[in-house]
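Student: Sharing a structure, written as structure tokens. Questions coming.
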Amino acid sequence: MRIADGSGISEAAGADLDAGSGRVILHGRWTADQGPAVESASARIAAQGRSHPVLVDLSGLARLDTLGAWVLERTRAEIEAAGGRLAYAGARPEHRILLGEMGLREPEPAPRDTRNVGLRFLDATGQRVARGGNEILAGIAFLGEVVAAGGRVARRPQTFRMAALVNQLEQVALRGVPIIVLISFLVGGIVAQQGIFQLQRFGAQSFVVNLIGLLILRELGVLLTSIMVAGRSGSAFTAEIGSMRMREEVDALRVMGLDPIEILILPRILALVIGLPILAFLGSLAALAGGGLTAALYGGMTVDAFLARLQAAVSFHHFAVGLIKAPFMALTIGIIATIEGFAVEGSAESLGRHVTASVVKSIFMVIVLDGLFAVFFAAIDF
């Protein structure tokens, strides 16, 4: 009995079935271009195998590719699922390897977690803490690489890419001025408005100048600016470096004997360290201007009175507190953004995930750093 596609072509996929012994001799090309013939022959083999054990002889095959091997393995799985049996004979070594690779395997069931909810919660918390500790250590190690690269550039200033630094300063500082000034102006006005509404109950609305002066110069100005820079420039750094990782441009730099830290990281981090204090200064001025305008509209305070009160309420060290924080926040944002960029793998999903992680981690660390500085300056009474 011949099982074939009926085309009459000698190399068409087919099979000779010996009904008495249950032996099936395959012939022709069991390849993708013979798909209909392969399916037809395998269907008849499957029908025979449900009632009798089948021995498939592959010695007469002209060619076997992944499609033919997968169809044979699928047929074997169907026969065994119905209680029958199918075995191979005469398979060449390459056929055995291909059939083994195409074998249908049941997925292993996931191990069941028998621990109670409390233990699972503690385990998950411990893993997150350990992962966070490893990320902190990785950040410190990366900071060490950046410092070492900076030392090498300081010894060989001619290798520093000044054009890249100027370009990054334009992207980070110059083009970031409008949005930072606008948001700072609005936030300063909102803080002043709420302060006036609360203080006028006690007839002390003039003290709103003290409130916004100290709050903006010491805390809010640099914090708002850092958060906006993390969302704007930090995410851009991660996306740029991540895209270069996906296109293997970072590996190409290493092959050419160039250090990616010196080429990609140093200009960006230096631009942040230089640009963030400037943006924080401009943002603080804009927030004070917004607070002064609100004080004039809602509190009936003249510009001269506002400036005189502001001069009496704040001093240079309040202004210095904000500027001292800015370079450290810039360094933190730059390190996190570039680490996440280098962690990107070869997919768009990975890029989006690491850009999101860069922004979230940067904002979190900026707030934590601001709190640590607040405690430090309070402890030294500065």
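Student: For the range 33-93, what ratio Rg/Rh do Cα atoms give with a Kirkwood hydrodynamic radius?
Tutor: Looking at the range 33-93, the ratio lands at 0.95.
Student: At a Förster distance of 51 Å, what's the computed FRET efficiency of V255 paired with R92, Cβ-Cβ distance as r, to 0.05?
Tutor: Efficiency, rounded to the nearest 0.05: 0.80.
Student: Let me ask something additional. Order T125, T302, T114, most accessible first, counting only protein heavy atoms with a 1.4 angstrom probe.
Tutor: Most to least solvent-accessible, the answer reads T114, T302, T125.
Student: Per residue, how many Å² of accessible area does the range 32-72 show with a 1.4 Å probe?
Tutor: With all protein chains present, the range 32-72 gives 44 Å² per residue.
Student: If you roll a 1.4 angstrom probe over the protein chains with everything in place, what fraction of the accessible area of the chain belongs to carbon and sulfur, to the nearest %?
Tutor: Here it works out to 64 percent.
Student: Which entry in [x] 35.3, 112; [y] 22.0, 70; [z] 19.3, 57 is this structure's computed Rg and Dmax of the Cα atoms in Å?
Tutor: [x]
Student: Can you give me the accessible area per residue for the range 137-293, using a 1.4 Å probe, in Å²?
Tutor: Computed with neighbouring chains in place, this is 47 Å² per residue.
Student: If you project the alpha carbons of the range 39-136 onto their three principal axes, what span does each projection cover, largest first, in Å?
Tutor: Computed over the Cα atoms, the extents are 62, 31, 20 Å.
Student: Could you tell me which helices of the chain pass both thresholds, a Cα extent of 18 Å or more along their own axis and a mean Kyte-Doolittle hydropathy of at least 1.6, with helices taken as whole DSSP H runs?
Tutor: 177-199, 266-298
Student: Given a 1.4 Å probe and heavy atoms of the protein chains only, how would you sort Y88, Y298, largest accessible area at the top?
Tutor: Result of the area sort, largest leading: Y298, Y88.
Student: Something else about it: If you look at just the Cα atoms of the range 195-325, how large are its Rg and its Dmax in Å?
Tutor: 21.3, 70
Student: Can you give the % of DSSP beta bridges in the chain that are antiparallel, to the nearest 5?
Tutor: Among the beta bridges of the chain, antiparallel pairing accounts for roughly 45 percent.
The values are calculated or read from the model by the stated rules, or taken from the named source; none is laboratory data. Since the structure is predicted, the reported quantities are computational estimates derived from the model, not experimental observations. Glycine gets a Cβ as well: all are built from the backbone with ideal geometry, and neighbour counts include every protein chain shown. What goes into the accessible areas is simple: the full protein's heavy atoms, side chains included, and nothing from ligands, DNA or RNA. Shrake-Rupley method; radii C 1.70, N 1.55, O 1.52, S 1.80 Å.
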